[in-house]
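Working notes, structure below.
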């Protein structure tokens, strides 16, 4: 079963990190991802570009309009996401708990939809 | 030039035989498995152009053992080198290249390999991946595509699985008698998972994707051939055949699901049904009953009804009562309730599933809501039914199922 682990952040949180904190978090995250790659559970891990790089695209009467900024103007915004393929929800939650960010924030866990049919 | 498909089929058939021969000779299951993979890839490249060799099995064994000895030789372990020196003098393929000179394989290693790949030290997903590789002869890329993960991810999973087997020091023999039945149950479960994994919606054949359902049936047939007296093996094969018989009728042109009650039964595969019915009839007569046999018997009753209205629901209910006794679980209770609804009406069915709300084993709660919706609709409680279907639709992760449940809810709006 595939799950997406999402990490949201906000300015206040990022500012509260010291340079050391950042380096340590990066190192711990890398170590965890290496383990997940070795176990064959990691499908992909993606850091998402800062809000300042976000663009919105809307088409009105066939004319595309592009605006700067994220979709929702809120404090929280998506920082990164990881996709894992694991045996159970429990395992996905375990992996989320081991993410260093879980100590300072929330790691959201969502199942991914799939095309497999079942007898109805 | 010979067809790639013919080469592929031949290679998949030979893969476990070649692996078995190598592991018997050299041990080192993990290294042998890598060597066999390389030999298979070499054959995939060369055979379509040059034609099948006179002795394909011998060719593969020769190439694989060369790769293996190269690999192990580059190891600095002195003990391994000594082992190899002792083995190198013993040829086990004919040097004349004439298949007539090659002694017929004295063992069918399929079963031993299956037990090894389904070792309890591995997770179900790993057992499945390793079985597809080592016994099914699929490439890592094919398996990765089947499970919709990157090839690197699947490669790692298989590597890890082989390391676990090495760490468990599992010997290349059948499990001891007192463990065999339990280990066989695991093998059958893996084949069942493989069958279900392959049972995906497709509005057209995807030639790039390995057909896991066909592979599961192929392997189940082999196990049945090797263990003809085993009732559960026959039961599982029968269940697969009887279920697969519905395939032509399961989906509409747009890919949406057709429930069993609405399927056009003229499209059902009569040959598969006949074979499945014959298998389960024989198995029920001659062996102690297990859950796969009972499930196959239920499937047989469904397949023998020319139309949904002709279904012998009383017999199905009796079989579910039996299944609940020998292998109780919430999913069985849900399926049984469908039969209860047909025999005793929807209120009896709703009562039958009422206790499942608190059941923690029911890891797919949307099924409970879906069943409830179905029974409420039968009972004429349309608003409640609609709510139940909507709840179920939100909680499933299967896109085809979600669409189906949404459509059931929409019909009641």
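Taken together, the values in this text are just the output of simple stated rules run on the coordinates, not laboratory data. Keep in mind it's a predicted model, so treat the numbers as computed, not measured. Cβ placement follows ideal geometry from the backbone for every residue including glycine, while neighbour counts extend to all protein chains displayed.
Residues B:320, A:77, A:3 in ascending order of nearby Cβ atoms (within 10 Å, fewest first): A:77, B:320, A:3. For chain B, modelled as a GNM whose springs connect Cα atoms under 10 angstrom apart, the maximal fluctuation among B:240, B:194, B:378 occurs at B:378.
Shape class for chain B, computed from the alpha carbon gyration tensor (a ≥ b ≥ c): prolate, with a/c not under 1.5 and a/b above b/c. Stretched out straight at 0.36 nm per residue, the stretch from residue B:214 to residue B:394 would grow longer than its current Cα-Cα span by 61.6 nm.
Which percent of the Cα-Cα distances in the range B:332-413 go past 18 Å?
38
Spacing of the modelled spin labels on residue A:13 and residue B:49, each 7 Å from Cα toward Cβ, amounts to 5.5 nm. Fully extending the segment from residue B:256 to residue B:169 would add 26.6 nm, taking 0.36 nm per residue of separation and subtracting the current Cα-Cα distance. For B:247, B:10, the sequence from fewest to most other C-beta atoms within 10 Å is B:247, B:10. Between B:31, B:169, B:282, the GNM of chain B built on Cα springs shorter than 10 angstrom shows B:169 fluctuating the most.
Scattering from the range A:2-111 was approximated by placing one identical point on each alpha carbon and applying the Debye formula without solvent; log10 I(q)/I(0) at 0.16, 0.21, 0.24 1/Å stands at -0.80, -1.15, -1.35.
Other protein chain C-beta atoms within 10 Å of residue C-beta, averaged over A:82-88: 3.
Calculate, for residue B:151 and residue A:22, the FRET efficiency according to 1/(1 + (r/R0)^6) with r their C-beta to C-beta distance and R0 45 Å; round to the nearest 0.05. Working shown, then result.
Values: r = 33 Å, r/R0 = 0.73.
Rounded to the nearest 0.05, the efficiency is 0.85.
I need the calculated FRET efficiency for the pair residue B:383 and residue B:351, taking r as the beta carbon distance and R₀ as 22 Å, to the nearest 0.05. Taking R0 as 22 Å, the efficiency between residue B:383 and residue B:351 is 0.65. Is the protein assembly as shown rounded, prolate or oblate when judged by the Cα gyration tensor, a ≥ b ≥ c being the square roots of its eigenvalues, rounded requiring a/c under 1.5 and prolate requiring a/b larger than b/c? Oblate, since a/c reaches 1.5 and b/c is not below a/b. I need the shape label for the range B:228-328. Rule: rounded when a/c is under 1.5, else prolate if a/b > b/c, else oblate, with a, b, c from the alpha carbon gyration tensor. It comes out prolate by the Cα gyration axes. Between residue B:278 and residue B:6, the FRET efficiency from the beta-carbon distance, with R0 = 25 Å, is close to 0.25. Taking every residue in B:398-407 and counting other chain Cβ atoms within 10 Å of its Cβ, the average works out to 3.
Estimated purely from DSSP H runs of n ≥ 4, each contributing -39500 (n - 2.57), the mean residue ellipticity at 222 nm for chain B is -22000 deg cm²/dmol once divided by its residues. Of all the options A:27, A:45, A:65, the one that moves most in a Gaussian network model of chain A with Cα springs shorter than 10 angstrom is A:65. Take each residue in B:256-266, count the other chain C-beta atoms within 10 Å of its C-beta, and the mean is 1.
Simple spin-label estimate for residue B:38 and residue A:63 gives 6.4 nm between the two label positions (7 Å along the Cα-to-Cβ direction from each Cα).
Counting neighbouring Cβ atoms within 10 Å and putting the fewest first, the residues B:264, B:109 line up as B:264, B:109.
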